[in-house]
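Asker: My structure is below; once you've seen it, I'll send some questions.
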Amino acid sequence: MTPTVDVLVPVHSVHRPVARLARSVLQTSVPIRLVVVAHNVDPSQIEAALGEHRADPRVSVLAFEDGIPSPAGPLRHALERLESPFFMKIDSDDYLADGAIESWTRTQRAHDADIVIPTMRMVGTPRNFPTPPRRPFRTRLDPARDRLAYRTSTMGLIRSELAEKAIPTPGLGTAEDLIPGLRLWFSGGRIVAADARHPYMVAPDALDRVTEVAWPMEQELGFAAALPGESFWAGLDDAARIGIAAKLFRVQLVAALGREARSRLTAEDIRVARDAVRVFEELAPGFARVLSRDDARLLAELVSADADPVALADLARRSRAHLSVGGLLTPRLGDVLRRDAPLRYLGASVLARYRR
């Protein structure tokens, strides 16, 4: 039977629980092809890790070796070999809830969708990831009004004609899927939300998830240099641009500055962060209007001529504690109810976390 969905799984370690992932995918009645890419790993070891599922004719194991510790290469390798009208990516640590593929494909057919965005839920907790912090009671999603920029990961069911937009940024060990996500969400395609009862399950048991690593600042914020060259900006109004830039500042940049494992910021770290802010300001003039007062203080310290590394790290950690006057209010009260200001976006995040 011709497959409907290519399920792409880059694997970078023999210790990843790929048999669990395969079990969750192969139980579907939807015609699929499970493509496991052995990245800088002996393919025979990945085949062994798949256990009994290796014998399933729907499973393919591809070898890919580039010597680069980044998921960008193997995912691109898989995207260039799609055979089905739709594809989805799954991290090798994770798996799908029962019935997820059936549910997502039903949603796609019902709405003739180009992209179906699922709820993501941490294993062992009833709470969802609060991304995207979309409007309640919406199935058809608007990339700006539903704040899709907050969903960095490109998990979901995606039409294969959009595969080129999903290609990750080369050379980055982290945030390599940030720009592809923006390309997809602002592609003009029809985007719908999946039924929250059938989520993508994020497992906390991987010991080497790259998202938990404190990367050098030039890696954490390396995506910024590539942003101006992206064509999707041309089709965006000012509000959409401000929403994207505010998200990149309050999520990527603040996290990079306040990372616990980074004991002290260097002059080079500060330079890289300033360069990223310049990109945000170039692409979205006035984005700082929707930042919180705490974020605004951080921004002022960062761009000052004598920025203090210790003060910056402290301000970044304070900025991540949202439930305070400084975390909820904008510098100007006239901006406090803007769509991407803290009150509205954090309120939508709470609703997204508990959506069923």
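The values are calculated or read from the model by the stated rules, or taken from the named source; none is laboratory data. The model shown is predicted, which means the values in this text are computed figures rather than measured ones. Neighbour counts are summed over all protein chains in view; Cβ atoms, including those assigned to glycine, are modelled from backbone coordinates with ideal geometry.
Asker: Could you please let me know if ARG274 is outside any helix (DSSP H, G or I), assigned by TED's automatic domain parsing to the domain that holds ALA296 and either touching a residue at least 12 places away in the same chain (Cβ under 8 Å) or buried (at least 18 other Cβ atoms within 10 Å of the Cβ) (or both)? Give the derivation first.
Answerer: Values: outside any helix (DSSP H, G or I): no; assigned by TED's automatic domain parsing to the domain that holds ALA296: yes; either touching a residue at least 12 places away in the same chain (Cβ under 8 Å) or buried (at least 18 other Cβ atoms within 10 Å of the Cβ) (or both): yes.
No, not satisfied.
Asker: Suppose we keep only residues that are part of a loop (DSSP other than H, G, I, E, B) and touching a strand residue (DSSP E or B) at 6+ places or on another chain (Cβ under 6 Å) within the stretch 155-187. Which one would you say is farthest from PHE86 (Cα to Cα)?
Answerer: Step one: list which residues in the stretch 155-187 are part of a loop (DSSP other than H, G, I, E, B), which gives 155-156, 167-177, 186-187.
After this cut, where a residue has to be touching a strand residue (DSSP E or B) at 6+ places or on another chain (Cβ under 6 Å) as well, the list is 155-156.
Numbers: MET155: 12, GLY156: 10 Å.
The selected residue is MET155.
Asker: Which one of these is under 22 Å from MET1 (Cα atoms) and crowded, with 18+ Cβ neighbours inside 10 Å: SER103, SER70? First the steps, then the outcome.
Answerer: Details: SER70 fails: under 22 Å from MET1 (Cα atoms).
Residue meeting the stated conditions: SER103.
Asker: Let me ask something additional. If I ask for residues that are assigned to a helix (DSSP H, G or I) and in contact with a Pro (Cβ under 9 Å, 6 or more places away or on another chain), which ones from the stretch 328-350 would you list? Explain how you work it out, then say what you get.
Answerer: Taking the stretch 328-350 and keeping what is assigned to a helix (DSSP H, G or I), we get 328, 333-335, 342-350.
Scanning the stretch 328-350 gives LEU328, ARG344, TYR345, LEU346, GLY347, ALA348, SER349, VAL350.
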